[in-house]
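Following: one structure in structure tokens, then a few remarks.
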Amino acid sequence: MTPRIPLPFLLLAAACSGGPSGGGPPAGEANVRLQRVAEGLQSPVHLTATAGDARLFIVEQPGRIRIVRDGALLPTPFLDITEKVSAGGERGLLSVAFHPRYASSGFFFVNYTDTRGDTRIERYRVSADPDRADPATAQLVLAVEQPYGNHNGGLVAFGPDGKLYVGMGDGGGSGDPQETGQDPARLLGKLLRLDVDGAPPYAIPADNPYAGRTDRRPEIWAMGVRNPWRFSWDRTANLLYVADVGQNRLEEVNVVPAGAGGLNYGWDVMEGTDCFEPSSGCERAGLVLPAAEYTHSDGCSVTGGFVYRGQDLPALRGHYFYADYCQGWIRSFRYADGAATDARSWALQDVGNVSSFGEDARGELYVISHRGGVYKLVAGR
């Protein structure tokens with residue numbers, strides 16, 4: 001098992017003072033703006049693409065996946081499972097992940113809350129029409145009971161290692177009432193890692209930290225998260241970024257080596273760098289501390305994003321972009337030598353609640369507004 005490691009942190013609330021209009025673009029980049037590429041969507045929460053494909057796949061929370069092709073939003077959904085989904089608040093269809101060999105397999109995976117409010121990970125296959133999935137091909141991969149209606153996590157994504165990662169919140173309520181975050185016998189409050197190319201519905205990767213154990217769930221890759229609202233990999237630097245929504249005071253972004261399994265992000269012993277449960281002693285040894293955090297005087301719910309590695313905005317390469325859902329600001333920082341540096345707050349037009357970020361097949365960055373719009377980060381004019 002890879003040793004658990006503490007990381008340094010930077011309080012970005014101070015570094016980015018001034019809100020969405022503070023700071024400015026990095027040296028060498030005159031300015032950037034958000035260019036609208038789609039509108040009229042119903043509560044969009046995720047955007048992704050497949051390798052070598054110019055289309056954008058956008059997840060609508062009520063239970064549909066829509067396609068933007070050649071700059072136009074297609075009227076017919078790629079997939080519509082609204083009758084299977086309970087949507088509203090933090091529930092709904094929350095993400096889609098295309099298999100690394102989607103071009104040959106046609107497989108993709110979704111994460112949603114069913115009509116009982118429980119999490120389901122399902123696999124589907126595209127139909128003969130590349131713009132339409134076949135709903136009859138649904139196969140259950142994993143089901144996780146949700147005790148409350150919030151903190152569902154919701155992201156499924158393939159890592160650079162070809163394994164499927166699943167973000168699971170602590171199950172909801174306030175203050176992790178079922179103490180799931182630090183319970184290795186439960187899947188809630190964890191990052192999971194599955195081999196969906198192994199024995200169906202999935203196999204346990206041999207290098208998972210608890211593989212072969214009966215006292216801990218072998219699907220677990222990391223523990224101690226409250227509600228990981230988006231994680232992503234910087235494949236160039238081989239790092240994993242995990243944004244975790246806070247409880248009373250702090251929102252956090254964690255940065256760890258991509259191959260480091262068995263890490264503990266601290267919830268609910270810690271909330272960011274704060275002690276959350278004094279009775280636990282708040283021992284920080286062995287816990288991952290945030291690379292960046294901000295207080296609730298500056299926002300209320302972090303939306304994790306991506307490290308920009310596209311071609312159109314070379315001065316932004318290496319910047320990790322993230323947002324606050326409530327305030328709508330967008331910020332970035334670079335991670336170097338174990339610390340967050342070069343913190344920036346971007347003066348961009350107000351698009352409302354930023355529910356997610358996305359990447360296209362070229363690595364260009366998109367911002368998703370829960371109000372119904374999708375925007376691309378482009379050079380300003």
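Which percent of Cα-Cα pairs in the stretch 10-379 sits in each 10 Å bin, short to long?
In order of increasing distance, the bins hold 5, 26, 36, 25, 7, 0 percent.
Spelling out what I want: for every residue of the stretch 145-160, take phi, set θ = phi - 60°, compute 6.51 cos²θ - 1.76 cosθ + 1.60 (Karplus), and round to whole Hz; glycine and proline get x.
Result, rounded to whole Hz: 5, 10, x, 10, x, 10, 6, 8, x, x, 9, 10, 7, 7, x, x.
Pick out which of 283, 251, 293 has the largest mean-square fluctuation in a Gaussian network model of the chain, springs linking Cα atoms closer than 10 Å.
283
Which lysines have a Cα lying under 23 Å from the Cα of residue 163, excluding residues fewer than 8 positions away in the same chain?
In chain and number order, the partners are 190.
Among 325, 202, 241, which one shows the biggest mean-square fluctuation in a GNM of the chain, springs joining Cα atoms closer than 10 Å?
Largest GNM mean-square fluctuation: 202.
If each residue's Cβ is checked for other Cβ atoms within 10 Å, how do 356, 105 rank with the fewest at the top?
Fewest-to-most ranking of 356, 105: 105, 356.
Could you state the number of Å between the C-alpha centres of the stretch 141-219 and the stretch 75-126?
Their Cα centres are 17 Å away from one another.
Would you please name the trypsin sites (Lys or Arg not before Pro) within the stretch 122-208 that are DSSP coil residues with at most 16 other C-beta atoms within 10 Å of their C-beta? Walk me through the intermediate numbers first.
Details: sites: 123, 125, 132, 163, 186, 190, 193; in loops: 132, 163, 186.
Within the stretch 122-208, the qualifying trypsin sites (Lys or Arg not before Pro) (loop, at most 16 other Cβ atoms within 10 Å) are 132.
For the stretch 328-342, take each phi angle, set θ = phi - 60°, evaluate the Karplus expression 6.51 cos²θ - 1.76 cosθ + 1.60, and give the result in whole Hz per residue in order, putting x for glycine and proline.
x, 6, 10, 10, 8, 8, 9, 10, 8, 6, x, 8, 7, 9, 6
For residue 215 and residue 235, what is the calculated FRET efficiency with R₀ set at 30 Å and r taken between the beta-carbons, to the nearest 0.05?
After rounding to 0.05, the efficiency reads 0.35.
For the chain, modelled as a GNM with alpha-carbon contacts under 10 angstrom, which of 339, 199, 133 fluctuates the most?
Highest fluctuation among the options: 199.
Where a number appears in this text, it was derived from the coordinates with a stated rule and is not lab data. Worth saying up front: this structure is predicted, and the values here are computed from it rather than measured. Cβ: placed from backbone, ideal geometry, glycine included. Neighbour counts: every protein chain shown.
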